[in-house]
Amino acid sequence: MTIDLSQIKENSMVRYGFKILLMREFDIHIKENDYNRLIAAAGCIEIYDSMEEFLEKSGWKRDNPELDEKSYLLDNHICRYIQGKVWYFSRLRYENQA
């Protein structure tokens with residue numbers, strides 16, 4: 001399933017797919033009709049071409065050098081491989097929006 005995050009506002013199927021993706025991949029649970037939280041969550045997703053790109057461009061490696069192992073990032077649902085890319089969900093940014 002391909003999810004175009006730019007379609008979240010207009011398309012209920014995309015919102016539903018994104019809700020399921022958040023739940024399965026990042027263990028984030030948002031009700032499908034909680035439109036504002038889904039939009040906020042979409043703004044907390046960053047997509048990278050590789051784990052190395054994530055570590056460098058996000059500043060994760062600099063800020064969390066002891067937590068930059070690929071297995072740690074995947075096992076703790078910080079990063080996920082989705083559609084051939086590395087998806088990062090910023091829980092800190094999401095929690096600060098609430």
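Bear in mind that the values in this text are calculations on the coordinates, not laboratory data. Quick caveat, the model's predicted, so the values are computed rather than measured. When we count neighbours, we look across all protein chains shown, and the Cβ atoms used for this are built from the backbone with ideal geometry, even at glycine.
Among the chymotrypsin sites (Phe, Trp or Tyr not before Pro) in segment 5-98, none sits in a DSSP loop with a Cβ that has at most 10 other Cβ atoms within 10 Å. Charges were assigned to the Cβ only: +1 to each Lys and Arg, -1 to each Asp and Glu. The resulting dipole of the chain about its Cα centre is roughly 360 debye.
Each label was represented as a point 7 Å from its Cα along the Cα-to-Cβ direction; for I20 and S6 these points are 2.4 nm apart. Considering only alpha-carbon pairs that sit under 8 angstrom and 6 or more positions apart, the relative contact order computed for segment 5-97 is 27 percent. Among H29, H77, a tally of other beta-carbon atoms within 10 Å of each Cβ gives an order, fewest to most, of H29, H77.
Over what distance in Å are the Cα centres of segment 11-28 and segment 40-87 separated? Result: 18 Å between the Cα centres.
What the Cβ-Cβ distance of E66 and E32 gives, at R0 = 41 Å and to the nearest 0.05, is a FRET efficiency of 0.65. Evaluating kT/(6 pi eta Rh) at 4 °C and 1.567 mPa s, with the Kirkwood radius of segment 5-97 over Cα pairs in the Stokes-Einstein relation, gives 94 µm² s⁻¹. Among the trypsin sites (Lys or Arg not before Pro) in segment 1-61, those located in a DSSP loop and surrounded by at most 14 other Cβ atoms within 10 Å of their own Cβ are K9, K31.
In terms of surrounding Cβ atoms within a 10 Å radius of their Cβ, M13, M51 rank from fewest to most as M13, M51.
The loop-placed GluC sites (Glu not before Pro) in segment 38-98, going by DSSP, that have at most 14 neighbouring Cβ atoms within 10 Å of their Cβ come out as E69.
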